1. What are the pairs with Cβ atoms under 8 angstrom where one residue, in region 63-75, is within 12 Å of residue 115 (Cβ to Cβ) and the other, located anywhere, is near the ligand (Cβ under 7 Å from one of its atoms) and assigned to a loop (DSSP other than H, G, I, E, B)? Sequence gap at least six, or different chains.
2. Restricting to region 256-269, give me the number of residues that are crowded, with 16+ Cβ neighbours inside 10 Å and not aromatic (Phe, Trp, Tyr).
3. Checking residue 153 against (1) of a type in the set (Val, Ile, Thr); (2) in a helix (DSSP H, G or I); (3) in the same structural domain as residue 343 (by TED's automatic domain parsing): exactly one of these is not met. Which one?
4. Take residue 89 and decide whether it is within 16 Å of the ligand (Cβ to nearest atom) and under 18 Å from the mean Cα position of the chain (by Cα).
5. Condition test on residue 286, is it within 18 Å of residue 182 (Cα to Cα), in a helix (DSSP H, G or I) and either in contact with a Phe, Trp or Tyr (Cβ under 6 Å, 6 or more places away or on another chain) or charged (D, E, K, R) (or both)?
6. Quick one: count up the residues across region 195-222 that are surrounded by 22 or more Cβ atoms within 10 Å (Cβ to Cβ), farther than 16 Å from residue 235 by Cβ and either at pLDDT below 95 or hydroxyl-bearing (Ser, Thr, Tyr) (or both).
7. For the subset of region 129-138 comprising residues that are modelled with pLDDT of 95 or more and within 16 Å of the ligand (Cβ to nearest atom), which member is nearest to residue 76 (Cα to Cα)?
8. Could you grab the pairs with beta carbons closer than 6 Å, sequence gap of 6+ or different chains, first residue in region 4-29 and on the phi > 0 side of the Ramachandran plot, second one modelled with pLDDT under 95?
Amino acid sequence: MTAAARVLVTGATGAVGGAVLRRLAAAGHDVHGASSNGGPAPNQWAWRVGSEEPPEALRGPWHAVVHCAADTRWNLSAVESERANVAPLRALLKWLDGMDGSEGTDGMDGGTRLVHLSSSYATGLTGSVLPTSPEAYRNTYEWSKAAGERLLTAERASVDIVRFPIVMGTRRDGFLDRYSGFFWLPSSLCTGAVPALVGDENAYLDIVSTDDIAEHVRELVEGDRPAGARLTVLGGGDGAPRVAEAFDTILDALNGWRAENGAPALQPLPYVSGRQWNRFYLPFAREHLDRAQLTRVTAFQAYQGYLSVTEPFEATHRVDPILPTLHRSIRRWAESHPATARRVPRPWRP
Ligand SMILES: NC(=O)c1ccc[n+]([C@@H]2O[C@H](COP(=O)([O-])OP(=O)(O)OC[C@H]3O[C@@H](n4cnc5c(N)ncnc54)[C@H](OP(=O)(O)O)[C@@H]3O)[C@@H](O)[C@H]2O)c1
């Protein structure tokens, strides 16, 4: 494909969708974004996929649809998660089927290309997206991402599924459209909600930059149409950072910013095993912390599984070393959340 393509990016106001939209536009494509609430730019439309009809401006044909829309919260019920992540995908597939069937695919080389963004963690606790039981996953988010992949594999004659692990900002300066998900962690370090790092300091913490994803998506959109479901996995593989390296980097970035902004340095946290956490820290927290602190501490439990990954993800596309990007992204988070970043953590006295 050489000519400019008309491409729709769902979830275009999000951390990943924003980067994908800009990369495709910079490559000369005619890119439009859709998201639940729409965005400020003229090509950003409000469309709550799965519960609303698309606006007239988003009528096909499209050369490609890049599906980045998702609700990445881990604490939804299974029903909510299905509604947030699987039902919209089902609706999108139906819309594409109708469009490719009725509106003609002239110049579209056999219908709309679909690139679906998934997660390396969609393989849950078993290393596979095939189990249907929520028990096989760390949380309902993973379970719903796995269900999405199964749906695509069953129903789509041609689709690119792209998995990747934790997302940081641009390699140049750490910018992200939205600092959600993982950025709960630097916030918690600054407020003192995290008294210890529960996990294995030698475990893998695989991370990619939005640049890695956006460039990969551009290549897919411009490349050959896959026969069936084609899976690619971005990441560092066995070269991914270890938990201790990543946390040293995070602390260094936060303390660098704090020193420049008159806040005392954060101290490194001890590593504790899940067993120690559950038997010692958690009972203490229940007894001594107020409700807001306890909520954060309990939420932190959800991270245990992510800091204990001892088998690296197998990456089909290895990304460049990521620690400098992690550093820049954390610093950039601090710059854009100064009130939280300069907080003095409340000490834990177990
Ligand atoms: N961030 C990570 O660390 C990470 C890691 C692995 C995989 N992923 C995957 O990467 C993709 C993008 O995630 P992200 O981090 O960019 O998420 P995000 O920052 O939370 O953004 C989510 C985007 O999806 C939109 N959205 C959600 N539900 C929608 C719906 N039903 N219809 C239309 N738009 C909807 C949101 O719109 P509003 O802003 O209007 O609500 C927003 O634009 C997801 O598939 C996620 O599973 C992310």
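The values are calculated or read from the model by the stated rules, or taken from the named source; none is laboratory data. The structure presented is a predicted model; accordingly, all values stated were derived computationally and were not measured. Virtual Cβ from ideal backbone geometry, glycine too; neighbours counted across all protein chains shown.
1. Sorted first by the residue in region 63-75, then by its partner, the pairs are 67/11; 68/11; 68/12; 68/14.
2. Start the filter on region 256-269 by keeping residues that are crowded, with 16+ Cβ neighbours inside 10 Å, which leaves 257-258, 263, 266, 269.
Subsequent filtering for residues that are not aromatic (Phe, Trp, Tyr) retains 258, 263, 266, 269.
Residues that pass the stated criteria total 4.
3. (3)
4. yes
5. The answer is no for residue 286.
6. Total satisfying the criteria: 4.
7. 137
8. Listed pairs, sorted by first residue: 28/4.
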